[in-house]
Amino acid sequence: MKFKKWLILVTILSIFDTTNYYLDIYKEMYKTEVGQNIIIFSRRQFNEKDKEFLARLKDSGIENIAINQLFYQDSINSNDIVEAIVPEEYINDLIKEAKNKKINLLFRWAISSRDGKPRTEINPQNFARWFENYKKIAMEMAEFSEKNEIPYYSLGCEIDHIVSRHKENFIELTKEIKKIYSGKIGYCWNVVSTSNLEEILSLEEILETDLIFLDCYLPLTNPKKAKWQWLYYLDEINGIASKTKKKVLITEIGYRSVERSNERPWDWHYKGNFDEEIQQMCFETFFQALREYPTIYDRVNHVEMAFIWGSGYGDLTKIEEDSLGYTPWGKKAEKTIIDHAKSCHIFKKN
């Protein structure tokens with residue numbers, strides 16, 4: 001009788017251990033949470049539609065948002081950085097509503113050029129004067145993030161060549177920000193190829209940031225092998241994380257719903273036929289790679305969050321089946337994203 005009781009106990013414990021083992025595997029598979037970038041290109045007030053948008057995100061299992069504030073300069077060679085486009089009142093209302101819904105926050109700010117050229121080409125005539133303006137904004141935005149208890153802050157976005165040429169200025173800026181901001185700091189690198197990742201490693205080893213932020217627009221040249229391409233990219237990214245001992249946030253990932261968007265995901269000018277299947281494939285293979293990476297490579301996945309990019313302000317209640325832009329909402333990719341997000345939510349709670 002004692003033997004039978006012992007056998008039953010061993011069996012129960014064995015089942016419990018097996019359950020925990022598989023639970024740990026699934027937790028690792030669904031480790032990378034989904035986030036959504038909030039992008040506003042007009043001056044307006046926070047309204048009921050915005051509240052609906054955040055509620056829909058929460059219901060979809062997306063519990064992280066990146067708030068984007070945009071500043072402008074007249075041309076890529078200008079020395080002056082002028083007004084912010086998003087009213088502070090709007091951002092304050094957005095933060096309040098997000099916190100009410102227990103949505104986590106990342107605060108990002110970026111500079112756009114009014115001459116229509118990409119920020120990656122910004123090259124001020126007088127760097128000292130330009131950086132004085134830049135530092136002032138970076139400190140003000142860090143102070144704003146601290147005041148609002150925002151846990152993640154980006155000190156810049158996609159001006160990689162400037163950071164590379166003026167490393168000491170940005171190392172010093174990071175130190176200054178840490179005196180007034182207690183959250184986690186990163187800088188958003190522009191990633192369009194693995195050669196970008198090599199340079200990022202050399203810079204992240206000396207920059208005193210807490211996390212690695214990556215705006216990922218990596219090409220998937222062969223749809224049939226797209227998952228394996230993403231696995232390769234993830235291994236390169238995790239290699240940087242391991243060497244620098246920093247976790248990774250993919251602060252932007254996006255693919256347009258237009259033919260061949262998998263080949264040039266960064267190209268928002270390209271005109272072609274509407275293709276939501278290619279957009280869905282890109283997201284599906286990305287999430288598949290995230291889930292399978294720990295098992296296939298037998299390594300830790302250091303990517304903690306991935307924030308979806310959208311063209312303009314996303315509205316999850318609006319169907320945009322004819323839109324060629326980055327927004328996945330109202331298209332086939334929406335279900336792919338939500339399925340992963342909800343699974344992350346389930347395993348995070350267990």
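The values are calculated or read from the model by the stated rules, or taken from the named source; none is laboratory data. The structure displayed is predicted, hence computed values, not measured ones. Note: ideal-geometry Cβ built from the backbone for every residue, glycine included; neighbour counts use all protein chains shown.
Worth pointing out:
- The single residue among Lys99, Lys31 that is under 24 Å from Gly186 (Cβ atoms), part of a loop (DSSP other than H, G, I, E, B) and basic (Lys, Arg) turns out to be Lys31.
- In region 120-132, the residues that are assigned by TED's automatic domain parsing to the domain that holds Ile159 form Cβ pairs under 7 Å with partners that are of a type in the set (Ser, Thr, Tyr) and surrounded by 15 or more Cβ atoms within 10 Å (Cβ to Cβ), at six or more places apart or across chains, as follows: Ile122/Ser113; Pro124/Ser78.
- Within region 264-285, if we keep just the residues that are in a loop (DSSP other than H, G, I, E, B) and hydrophobic (A, V, I, L, M, F, W, C), the residue that is farthest from Phe107 (Cα to Cα) turns out to be Trp268.
- Whichever residue in region 70-118 is modelled with pLDDT under 95 and basic (Lys, Arg) and, among such residues, is farthest from Asn47 (Cα to Cα): Lys117
- For region 253-289, a tally of residues being within 19 Å of Glu236 (Cβ to Cβ) and among the small types (Gly, Ala, Ser) returns 1.
- Within region 230-289, the set of residues being among the aromatic types (Phe, Trp, Tyr) and closer than 20 Å to Ala66 by Cβ comprises Tyr255, Trp266, Trp268, Phe283, Phe286, Phe287.
- Test: residue in region 23-40 that is among the basic types (Lys, Arg) and touching a Lys or Arg at 6+ places or on another chain (Cβ under 6 Å): no
- Checked against the criterion of being farther than 29 Å from Glu63 by Cβ, in contact with an Asp or Glu (Cβ under 8 Å, 6 or more places away or on another chain) and assigned to a helix (DSSP H, G or I), the candidates Lys179, Lys135 yield just one match: Lys135.
- Within region 73-96, tally of residues that are under 23 Å from the mean Cα position of the chain (by Cα) and either outside any helix (DSSP H, G or I) or on the phi > 0 side of the Ramachandran plot (or both): 4
- Residue count for region 93-115 under the criterion of being charged (D, E, K, R) and surrounded by 22 or more Cβ atoms within 10 Å (Cβ to Cβ): the result is 1.
- Considering Ser242, Ser261, the condition of being assigned to a loop (DSSP other than H, G, I, E, B) and farther than 18 Å from Ile39 by Cα is satisfied by Ser261 alone.
- Residue in region 147-159 that is surrounded by fewer than 21 Cβ atoms within 10 Å (Cβ to Cβ), within 20 Å of Asp74 (Cβ to Cβ) and β-branched (Val, Ile, Thr) present: no
- The residue that is modelled with the highest pLDDT, counting only those in region 311-350 that are surrounded by 22 or more Cβ atoms within 10 Å (Cβ to Cβ), of a type in the set (Gly, Ala, Ser) and under 16 Å from the mean Cα position of the chain (by Cα), is Ala341.
- Qualifying residue in region 102-125 (condition: of a type outside the set (A, V, I, L, M) and at positive phi): yes
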